[in-house]
Amino acid sequence: MDTQDFQPISGMDLPRFAGVPTFMRLPHVALTDPRIADVDIGLIGAPWDGGTTNRPGPRHGPRQLRDLSTMIRAQHGVTGVRPFERANCADLGDVSPNPADLLDSLQRMQTFYSEVTAAGITPLTAGGDHLCSLPILRALAANAPVGMIHFDSHTDLFDTYFGGTRFTHGTPFRRAVEEGLLDPSRVVQIGIRGTAYDGEDRDFAKAVGIRVIPIEEFFDRGVNDVMAEARDIAGSQATYVSYDIDFVDPTFAPGTGTPEVGGPNAFQALQVVRGLEGVNIIGADMVEVSPPLDPAGGTAWLAVSLMFELLCVMVPGSGAASGKT
Ligand code: MN
Ligand code: MN
């Protein structure tokens, strides 16, 4: 592995506010670029919020996350992990959605991620709303169901909206279970809270064997105990990590469409990701950041900080080993 070509631009060489922003100031390597063969982890933008049922805006997420990610440095402040020296990381650009056609957007995303997977690249995605996770799972779990560790204030396990619509950002994991993309016995949902229309989603979780850890239990037991259980549920097999920014309390992450009060603070939000150490992560996403609702950029800054935390547990030696290293 030659990491020389895949180092982020240092703020010591070019000020952080200068230059064309890519995720974490990494090189932009498109799928058609010959260098793609050397990429281990691909940071990808999914600028699409066609599954949003209330306040929109995550289609603007990747662009703002790239901008704020220029503040990320190369070394983790607590663990000392230097992820860009452990794996070749690159910004693969954005998957191109069709903002006027939901089903076409899902197909475009699935096709893009199938190419990413075929190239042996582990994707770390910036959404986009939570429906983006479905086409990603369709690509990653094409051959066998995977486990999932899911941080969110919602289960996203609802069946239909508006009298029969099956694809919204409240339904991706219901569809993923039905399509055989997720092994429910290896799925855990952490942080669930807020008002509800009914308990239909929780009934489905119980019926298929998905473990739901509501926020009351999360705070009663504490981060370390909950994450130990999450690691047990995921086991050593392939596991996807999905992180909805509304997992975090809206005091710390107000820039999202469906906030729920009474959630983890920014430190706890980072801590849960450190608890993924050792999990066999085959891909991860950070979704539901809505820049129009985040005028000061604080939500986006937390989100890219969480993406760096995710990267640090995705690189070899810190969790999953990618195909090429
Ligand atoms: Mn969600
Ligand atoms: Mn949510």
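Structural remarks
- Qualifying residue in segment 38-51 (condition: modelled with pLDDT of 95 or more, within 21 Å of residue 13 (Cα to Cα) and under 20 Å from the mean Cα position of the chain (by Cα)): no
- Output for segment 133-176, where each listed residue is assigned to a loop (DSSP other than H, G, I, E, B), farther than 15 Å from residue 283 by Cα, away from ligand 2 (no atom under 11 Å from the Cβ) and open to solvent by less than 10 Å² (accessible area, probe 1.4 Å): 157, 168, 171
- Residue match in segment 226-241 (condition: within 16 Å of ligand 1 (Cβ to nearest atom), under 23 Å from residue 170 (Cα atoms) and open to solvent by less than 30 Å² (accessible area, probe 1.4 Å)): yes
- Set 190, 121: member being surrounded by 24 or more Cβ atoms within 10 Å (Cβ to Cβ) and away from ligand 1 (no atom under 15 Å from the Cβ): 121
- Complete set of residues in segment 124-170 that are more than 16 Å from ligand 1 (Cβ to nearest atom) and within 12 Å of the chain's Cα centre (by Cα): 124
- Within segment 177-193, the set of residues being within 15 Å of ligand 2 (Cβ to nearest atom) and assigned to a loop (DSSP other than H, G, I, E, B) comprises just one member, 193.
- Test: residue in segment 220-237 that is part of a helix (DSSP H, G or I), at pLDDT 95 or above, of a type outside the set (Asp, Glu) and closer than 19 Å to residue 54 by Cα: no
The values are calculated or read from the model by the stated rules, or taken from the named source; none is laboratory data. These numbers were taken from a predicted model, which means no experiment stands behind them. Don't worry about glycine lacking a Cβ; one is built from the backbone with ideal geometry, like all the others, and counts go over all protein chains shown. These area figures cover heavy atoms from the full protein model, side chains too; ligands, DNA and RNA do not enter into them. Shrake-Rupley method; radii C 1.70, N 1.55, O 1.52, S 1.80 Å.
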